[in-house]
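Okay, structure first, notes after.
The values are calculated or read from the model by the stated rules, or taken from the named source; none is laboratory data. Because the structure is a prediction, the values reported are computed rather than measured. FYI the Cβ positions are ideal-geometry reconstructions off the backbone, even for glycines, and counts take in every protein chain you see.
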Amino acid sequence: MSATRGLEGIVATSSSVSSIIDDVLTYQGYNIDDLAENASFEEVIFLLWNGRLPKKSELDELTKDLADNMEVPDEVLQYMKAYKTSEVHPMAALRTAVSQLGLYDDEADEMTEEANKQKAVRLQAKIPAIVTGFSRIRDGKEPVAPKDTLSFAANFLYMLNGEEPDETSVTAFNKALVLHADHELNASTFTARVCVATLSDIYSGVTSAIGALKGPLHGGANERVMAMLSDIGDTDRVDDYIQKMFDNKEKIMGFGHRVYKNGDPRAKHLRDMSRRLTEITGESKWYDMSLKIEDIVTKEKGLLPNVDFYSASVYHSLGIDHDLFTPIFATSRVSGWLAHILEQYADNRLIRPRAEYVGPDKQEYIPVEKR
Ligand SMILES: CC(C)(COP(=O)(O)OP(=O)(O)OC[C@H]1O[C@@H](n2cnc3c(N)ncnc32)[C@H](O)[C@@H]1OP(=O)(O)O)[C@@H](O)C(=O)NCCC(=O)NCCS
């Protein structure tokens, strides 16, 4: 029995939620390129959860349901106010708050399909309010209640800033949400499926997934890309900076992928958004630096940008704090986690692989006083 490091290439489940085949990403059979150009995030949520695009009345109903469920229990907000917010990363705050949400949901352990679908709506709706609420609380402001006239993307920006966003920002943010919604059996989705395959509840599944997304090799990469860009500061410094990272054998955040061999199909959309948005803000240097880094890393190492590389300058251009980038990833990806959780419950079997034992053999117990 020999192990495959990092489960590379192992097919661990079957799923109809999304696929990566020959470097093409689809959600329920719809090419991500098509969805990124045309779909609202609400449509994508419906698609991931139901396997088909919604009719107009179904879309209206889901949109209303999400807006109606956005408010976060006051107990959770009060708890956030008690944190030493300056020392708490928003991903840690989100992970804790989502776990707490389960305490205030009477149906938390109700395992019928209907109850789980209702909880999925609640979780999807409340996560943006938690992320934006935490951001405001740490800035000494009160959380802003959502408006039921706004789309999911617009509501996020509204709850974050307290004023209605312009059309360009909403379009860009909606597209970013669509692009991050699901991604086959990525680390956080696998985590969620492993958790709920024990028949644990949906809040536990999403809490575990947030923990996995937080890591720098997964969703945490986008914040670190922005830290790198800020540290470089100017296009002229890119060459030396990246060369030094190569010399120190450091990983360049936002590059490489376990599955894609010829590039992440989401990156081109984010690159294009980064170019347009940085032009609008008059800060093209973020895009120029990113482009130069891409050129060097691709030429020198043969590595291509992934979803996290250009999303950094996109979110920065939307005026979003850098440590909120990964929570925004979670705000979108929870739609995929929930789709996979519902799929797992519908045809469940405990996920319990084996380990190749490489420890010592035939050890003899020696009493502590004789060791
Ligand atoms: C995404 C990632 C975790 C995939 O990991 P993986 O499939 O286990 O690939 P490995 O880490 O084993 O990388 C294979 C080789 O490429 C190198 N490599 C991979 N990504 C790299 C990067 N971003 N910068 C520099 N080198 C990289 C590794 O050092 C390794 O080289 P080696 O064989 O000489 O040791 C990895 O590419 C990475 O760490 N990227 C940066 C973090 C990131 O952007 N994460 C978001 C993913 S969407």
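Listed values, structure above:
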read-out	value
Test for Leu53: is it in a helix (DSSP H, G or I) and at pLDDT 95 or above	no
Lys244 more than 30 Å from Val11 (Cα to Cα), outside any helix (DSSP H, G or I) and modelled with pLDDT of 95 or more	no
Test: Ala145 is of a type in the set (Gly, Ala, Ser), touching a residue at least 40 places away in the same chain (Cβ under 8 Å) and in a helix (DSSP H, G or I)	no
Filter result (within 27 Å of Val121 (Cα to Cα) and either in contact with a strand residue (DSSP E or B) (Cβ under 7 Å, 6 or more places away or on another chain) or more than 13 Å from the ligand (Cβ to nearest atom) (or both)) within the range 203-232	Tyr203, Ser204, Gly205, Val206, Thr207, Ser208, Ala209, Ile210, Gly211
The range 1-29 - residue that is in a strand (DSSP E or B) and in contact with a Phe, Trp or Tyr (Cβ under 8 Å, 6 or more places away or on another chain) and, of those, farthest from the ligand (Cβ to nearest atom)	Ser18
Complete set of residues in the range 80-124 that are assigned to a loop (DSSP other than H, G, I, E, B), over 19 Å from Ala209 (Cβ atoms) and out of contact with any helix residue (DSSP H, G or I) (no Cβ under 7 Å at 6 or more places or on another chain)	Lys84, Val88, Asp106, Glu110, Thr112
Test result for Ile32, under 24 Å from Gly263 (Cβ atoms), within 16 Å of the ligand (Cβ to nearest atom) and either over 20 Å from the mean Cα position of the chain (by Cα) or not acidic (Asp, Glu) (or both)	yes
Search result, residues across the range 233-249 that are over 23 Å from Ser311 (Cβ atoms) and either acidic (Asp, Glu) or touching a strand residue (DSSP E or B) at 6+ places or on another chain (Cβ under 9 Å) (or both)	Asp236, Asp239, Asp240, Asp247
The range 187-213, residues that are in contact with a His (Cβ under 8 Å, 6 or more places away or on another chain) and either surrounded by 19 or more Cβ atoms within 10 Å (Cβ to Cβ) or of a type in the set (S, T, N, Q) (or both)	Ser188, Thr189, Ala192, Arg193, Ala212
Exclusive hit being touching a residue at least 40 places away in the same chain (Cβ under 8 Å), surrounded by fewer than 23 Cβ atoms within 10 Å (Cβ to Cβ) and among the aromatic types (Phe, Trp, Tyr), set Phe309, Phe255	Phe255
Scan of the range 66-87 for residues that are within 20 Å of Gln118 (Cα to Cα) and under 22 Å from the mean Cα position of the chain (by Cα), ordered by number	Leu66, Ala67, Asn69, Met70, Glu71, Val72, Val76
Every pair of residues 6+ apart whose Cβ atoms lie under 7 Å, when the first sits in the range 318-334 and is farther than 19 Å from Ala227 by Cβ and touching a residue at least 24 places away in the same chain (Cβ under 8 Å) while the second is of a type outside the set (Phe, Trp, Tyr) and not in a helix (DSSP H, G or I)	Ser332/Ala181; Arg333/Ala181
Unmet requirement for Gly254, which otherwise passes all of (1) outside the structural domain of Ala172 (by TED's automatic domain parsing); (2) within 15 Å of the ligand (Cβ to nearest atom); (3) within 30 Å of Asn116 (Cα to Cα)	(3)
